[in-house]
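The values are calculated or read from the model by the stated rules, or taken from the named source; none is laboratory data. Predicted model only: the values in this text are computed from it and were never measured. Neighbour counts run over all protein chains shown; Cβ positions are idealised from the backbone, glycine included. Ligands, DNA and RNA are excluded from the accessible area calculation, which covers all protein heavy atoms including side chains. Shrake-Rupley method; radii C 1.70, N 1.55, O 1.52, S 1.80 Å.
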Amino acid sequence: MTIRFDENFSVSAADLWAIIGTVDRVDWVPGVTHCVFDGRVRRLQLPGAGDIAEEIVIRDEGSMRLVYRCIESPQPMEFHEARVSIEALSETKCRFVWEADIKPAAFVPFLRGSMQGALEQLRVVAAQSK
């Protein structure tokens, strides 16, 4: 099952990529208190929910594209992969597309809510970066 958010932001693509493309930056992800990135895998600490590990599959600075997969989780997921892309619309506006595939489908409501919360926090963090 695919979850998709397609949002416009009132910040430059470069400013938004500075947040998203810094894969160990977690100030825009509610609930995450700490992140360690070893160059391939980021480990996120979520007190009360458990720790997860995500493999960074693609981090393309030029196209402002990020792909990551959950490889360790306290929940028994069969599959989780997310894709983020940022496209400049003008010098001060950009398009942010965030898609995620997850199995089993029972995890869709939780993931959709988590992504929505992260998007709301990303708007706050991005506005402060202007």
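Go through the residues of region 24-34 one by one and say whether even a single one is closer than 20 Å to Q128 by Cβ, in contact with an Asp or Glu (Cβ under 9 Å, 6 or more places away or on another chain) and surrounded by fewer than 17 Cβ atoms within 10 Å (Cβ to Cβ). Checked against the condition, which is being closer than 20 Å to Q128 by Cβ, in contact with an Asp or Glu (Cβ under 9 Å, 6 or more places away or on another chain) and surrounded by fewer than 17 Cβ atoms within 10 Å (Cβ to Cβ), region 24-34 yields at least one hit. For region 6-33, which residues satisfy the criterion of being in contact with a helix residue (DSSP H, G or I) (Cβ under 6 Å, 6 or more places away or on another chain) and either assigned to a strand (DSSP E or B) or of a type in the set (G, A, S) (or both)? Answer for region 6-33, where residues must be in contact with a helix residue (DSSP H, G or I) (Cβ under 6 Å, 6 or more places away or on another chain) and either assigned to a strand (DSSP E or B) or of a type in the set (G, A, S) (or both): just F9. Could you tell me whether region 106-119 includes any residue that is of a type in the set (F, W, Y), in contact (Cβ under 8 Å) with a residue 40 or more places away in the chain and open to solvent by less than 60 Å² (accessible area, probe 1.4 Å)? Checked against the condition, which is being of a type in the set (F, W, Y), in contact (Cβ under 8 Å) with a residue 40 or more places away in the chain and open to solvent by less than 60 Å² (accessible area, probe 1.4 Å), region 106-119 yields no hits at all. The C-beta contact set for region 59-78 (first residue closer than 19 Å to R40 by Cα, second residue open to solvent by less than 100 Å² (accessible area, probe 1.4 Å) and hydroxyl-bearing (S, T, Y), distance under 6 angstrom, 6+ apart or interchain) comprises R65/S85. Within region 11-19, can one find any residue that is open to solvent by less than 50 Å² (accessible area, probe 1.4 Å) and farther than 19 Å from A126 by Cα? Looking through region 11-19, none of the residues is open to solvent by less than 50 Å² (accessible area, probe 1.4 Å) and farther than 19 Å from A126 by Cα.
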